[in-house]
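Working notes, structure below.
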Amino acid sequence: MTDQNLQMNTNKDNKSDVLSIKDLRVHYAVRDGFHKKSLKAVNGIDLHIGAGECLGLVGESGCGKSTLAAAIMGLVPLTSGSIQIDGQDSQKLSVQDPLAQARNVQMVFQDPFASLNPRRSVRETLSAPLRLHGIKDRHEVEKRITDILDKVGMKADAADRWPHEFSGGQRQRLCIARALIVKPKLLVCDEPVSALDVSIRAQIINLLLDLKDELGISLLMISHDLGVVEHMSDRIAVMYLGRIVEEGIWSDLFTNPLHPYTQALIASIPDPLAPSDKQSRITGEAPSPLNPPLGCAFNPRCQYAFDACRTGDIPPFFTQNGVETHHARCLLLDPNHKQ
Ligand SMILES: Nc1ncnc2c1ncn2[C@@H]1O[C@H](COP(=O)(O)OP(=O)(O)OP(=O)(O)O)[C@@H](O)[C@H]1O
Ligand SMILES: [Mg+2]
């Protein structure tokens, strides 16, 4: 994707968007002691991903990343808002034509050991989605299996083997093959390398990037680790307690992080050369989504917080120096703010 296309695709609605999320809310009904409460796991999110684009989504554990992924996959009911995939309303489509929905979007999960059925050979695992989508001709099925195994860097004879014969990295390659064999437009990857050995993470990330370019798919790359999405994302969205607090082209976000939370996330990317006691960490606990703080949810942990950050609702998005492609929800960026 060219820089110019990216610029145009950053903040605005675009007809060619493969994913378009509008004011999405996913609330869970939970018990808090004797009380029934609503846990706002996703609390008003707008996001979009253009054709062939990779959006990195980062945030700490519990901020709602997997809930957002589940909503995109149609695995949890939406409380409100909408999700369009390739121009089609995903809620309507999942009722009217669930197969079409599955052809549009596929997912790769964190744990490749739990994601493959140990009682199915690789051939059975890869042919099942094809048969589900009506591709039953034996030669066509075999050809697709050989092609996709080649694309994910596995030999054709892997088809005759079983999940337990493969390492974690190879299993994740097989999970990627299973997701891509039906040629989806969007691939959602929820922490696809965090269960893998550090030594093979880069291989899987590079594989996903190569496949994105070769097949022209769009990627939503979810990680709690900004260092993982840094190298593969065209744009990055930073999530905190159910909301996006900063979004921008990755180079802008890294060179000029606007939100104090993003600044802290960048500072806490592990530096392999620094001694462990010199590594920076985000201090304080993330607040519970059952009892979110007033104002900006990051205020209890923010060294710059002032009175207005502790009242009302979360601030709107602000840009800086007229850069429309990069914005954050922080009152420090409010042009009317005076300290
Ligand atoms: N089925 C559920 N019922 C009730 N609460 C849930 C459910 N699933 C998730 N939650 C809560 O919703 C919030 C968001 O969880 P989610 O798993 O989406 O976060 P996450 O960002 O993916 O975290 P992690 O990085 O640990 O995977 C958390 O407070 C979690 O406890
Ligand atoms: Mg998760």
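Below, the figures for the structure above:
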{"quantity": "Filter pass, Gly44 being part of a strand (DSSP E or B), within 27 Å of Phe318 (Cβ to Cβ) and modelled with pLDDT of 95 or more", "calculated": "yes"}
{"quantity": "Qualifying residue in region 82-92 (condition: over 22 Å from the mean Cα position of the chain (by Cα), surrounded by fewer than 20 Cβ atoms within 10 Å (Cβ to Cβ) and within 30 Å of Asp46 (Cβ to Cβ))", "calculated": "yes"}
{"quantity": "Residue tally, condition in a strand (DSSP E or B) and under 18 Å from the mean Cα position of the chain (by Cα), over region 16-39", "calculated": "8"}
{"quantity": "Matching option when the condition is modelled with pLDDT under 90, within 23 Å of the chain's Cα centre (by Cα) and loosely packed, with under 14 Cβ neighbours inside 10 Å, among Pro270, Pro275, Pro316", "calculated": "Pro270"}
{"quantity": "Subset of region 56-99 that is within 16 Å of ligand 2 (Cβ to nearest atom) and assigned to a strand (DSSP E or B) - its residue that is farthest from Leu208 (Cα to Cα)", "calculated": "Val58"}
{"quantity": "Selection count where residues are assigned to a helix (DSSP H, G or I) and more than 9 Å from Pro112 (Cβ to Cβ), scope region 143-175", "calculated": "16"}
{"quantity": "So Leu226, is it over 21 Å from Leu116 (Cβ atoms), surrounded by 16 or more Cβ atoms within 10 Å (Cβ to Cβ), within 16 Å of ligand 1 (Cβ to nearest atom) and modelled with pLDDT under 95", "calculated": "yes"}
{"quantity": "Search result, residues across region 60-84 that are small (Gly, Ala, Ser) and on the phi < 0 side of the Ramachandran plot", "calculated": "Ser61, Ser66, Ala69, Ala70, Ala71, Ser80, Ser82"}
{"quantity": "Failed item in (1) surrounded by 13 or more Cβ atoms within 10 Å (Cβ to Cβ); (2) farther than 30 Å from Ser20 by Cβ; (3) at pLDDT below 95, with Ala114 passing the rest", "calculated": "(1)"}
{"quantity": "Number of the exception - His327 against (1) in contact (Cβ under 8 Å) with a residue 12 or more places away in the chain; (2) in a loop (DSSP other than H, G, I, E, B)", "calculated": "(2)"}
{"quantity": "Considering residues of region 58-76 that are more than 9 Å from ligand 1 (Cβ to nearest atom) and either under 8 Å from the mean Cα position of the chain (by Cα) or in contact (Cβ under 8 Å) with a residue 12 or more places away in the chain (or both) only, the residue nearest to Met232 (Cα to Cα)", "calculated": "Val58"}
{"quantity": "Hey, Ala195 part of a loop (DSSP other than H, G, I, E, B) and within 20 Å of Ala69 (Cβ to Cβ) or not", "calculated": "yes"}
{"quantity": "Test for Leu211: is it in contact with a Lys or Arg (Cβ under 7 Å, 6 or more places away or on another chain) and part of a helix (DSSP H, G or I)", "calculated": "yes"}
{"quantity": "Selected residue [touching a strand residue (DSSP E or B) at 6+ places or on another chain (Cβ under 9 Å), farther than 24 Å from Ser233 by Cα and of a type in the set (D, E, K, R)] from Asp160, Asp190, Asp89", "calculated": "Asp89"}
{"quantity": "Output for region 216-242, where each listed residue is within 16 Å of ligand 2 (Cβ to nearest atom) and either part of a strand (DSSP E or B) or of a type in the set (Gly, Ala, Ser) (or both)", "calculated": "Leu220, Met221, Ile222, Ser223, Ala237, Val238, Met239, Tyr240, Gly242"}
{"quantity": "Failed item, numbered, when Leu47 is tested on (1) closer than 27 Å to Glu230 by Cα; (2) away from ligand 2 (no atom under 13 Å from the Cβ); (3) of a type outside the set (S, T, N, Q); (4) surrounded by fewer than 20 Cβ atoms within 10 Å (Cβ to Cβ)", "calculated": "(4)"}
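The values are calculated or read from the model by the stated rules, or taken from the named source; none is laboratory data. Treat the numbers as computed from the prediction; the structure is a model and nothing was measured. Here the Cβ is made from the backbone with ideal geometry for all residues, glycine too, and neighbour counts use every protein chain on show.
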